[in-house]
């Protein structure tokens, strides 16, 4: 698996900076978990990088991630990867029956939520973020209302990890790409 090829595919279909940053965040979280589970970091990372590559072009549930899956199949991406990507969207009813699929589902919404929590902090610096702050915002339903708390909880349960530990792992993963995803902090005015 070549990351450069995956990056070109992502940027062909995705132009919005926020979606590219989300892809990079999920890639980082997948690579982080690949290390923990002693799996192929590039394979897991590319799965995270490409999980929403078709979303900007095909944003509705009738097309995403179905059209992306067709494109990935034509491009020769493995079935396990494509199935994990299909399963990250709960509405597809594709079972998450591999560790790869469970991990992708568990990190996707949480990565977006952690990014949102970081962006409302005065410093916008993920290096200052704690899991306690994330859990506090999690309880505030009006905050990042489009993020499915139910899917985050379901992902944690399916992966079989402890909530606090999982949140901290995703924070730690995002720290590794903080500059690339706009979370390295901003100078105070």
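The values are calculated or read from the model by the stated rules, or taken from the named source; none is laboratory data. The shown structure was predicted, so the numbers you read here are calculated from the model rather than taken from an experiment. Methodologically, a virtual Cβ is constructed for each residue, glycine included, from the backbone with ideal geometry; neighbour enumeration extends over all protein chains shown.
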### region 169-189, residues that are closer than 23 Å to residue 102 by Cα and surrounded by fewer than 16 Cβ atoms within 10 Å (Cβ to Cβ)
172, 176
### Message
For region 142-159: of the residues being in contact with a helix residue (DSSP H, G or I) (Cβ under 8 Å, 6 or more places away or on another chain) and part of a loop (DSSP other than H, G, I, E, B), which is farthest from residue 115 (Cα to Cα)?
### Response
148
### Task
Considering (1) surrounded by fewer than 15 Cβ atoms within 10 Å (Cβ to Cβ); (2) farther than 21 Å from residue 148 by Cβ; (3) in contact with a helix residue (DSSP H, G or I) (Cβ under 7 Å, 6 or more places away or on another chain), say which one residue 46 fails and leave the rest.
(1)
#### Entry: Count of residues meeting criterion [out of contact with any helix residue (DSSP H, G or I) (no Cβ under 9 Å at 6 or more places or on another chain) and at pLDDT 95 or above] in region 123-135
0
#### Entry: Extreme residue, farthest from the chain's Cα centre (by Cα), among residues of region 2-38 that are farther than 28 Å from residue 168 by Cβ and in a loop (DSSP other than H, G, I, E, B)
2
### Task
Inspect all residues belonging to region 42-57 and state whether any of them is in contact (Cβ under 8 Å) with a residue 60 or more places away in the chain and more than 11 Å from the chain's Cα centre (by Cα).
no
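Each row is one residue, and each column tells you yes or no for (1) surrounded by 15 or more Cβ atoms within 10 Å (Cβ to Cβ); (2) in contact (Cβ under 8 Å) with a residue 24 or more places away in the chain.
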| residue | (1), (2) |
| --- | --- |
| 60 | no, no |
| 71 | yes, yes |
| 89 | yes, yes |
| 94 | yes, no |
| 102 | yes, yes |
| 106 | yes, yes |
| 109 | yes, yes |
| 126 | yes, yes |
| 133 | yes, no |
### Task
Answer yes or no as to whether residue 94 is at pLDDT 95 or above, under 17 Å from residue 155 (Cα atoms) and assigned to a loop (DSSP other than H, G, I, E, B).
yes
### Task
Could you tell me whether any residue of region 97-107 is in a loop (DSSP other than H, G, I, E, B) and out of contact with any helix residue (DSSP H, G or I) (no Cβ under 9 Å at 6 or more places or on another chain)?
no
### residue 164 being assigned to a helix (DSSP H, G or I), touching a strand residue (DSSP E or B) at 6+ places or on another chain (Cβ under 8 Å) and either touching a residue at least 24 places away in the same chain (Cβ under 8 Å) or surrounded by 19 or more Cβ atoms within 10 Å (Cβ to Cβ) (or both)
no
### Query
Hey, does region 117-128 have a residue that's part of a helix (DSSP H, G or I) and closer than 17 Å to residue 31 by Cα?
no
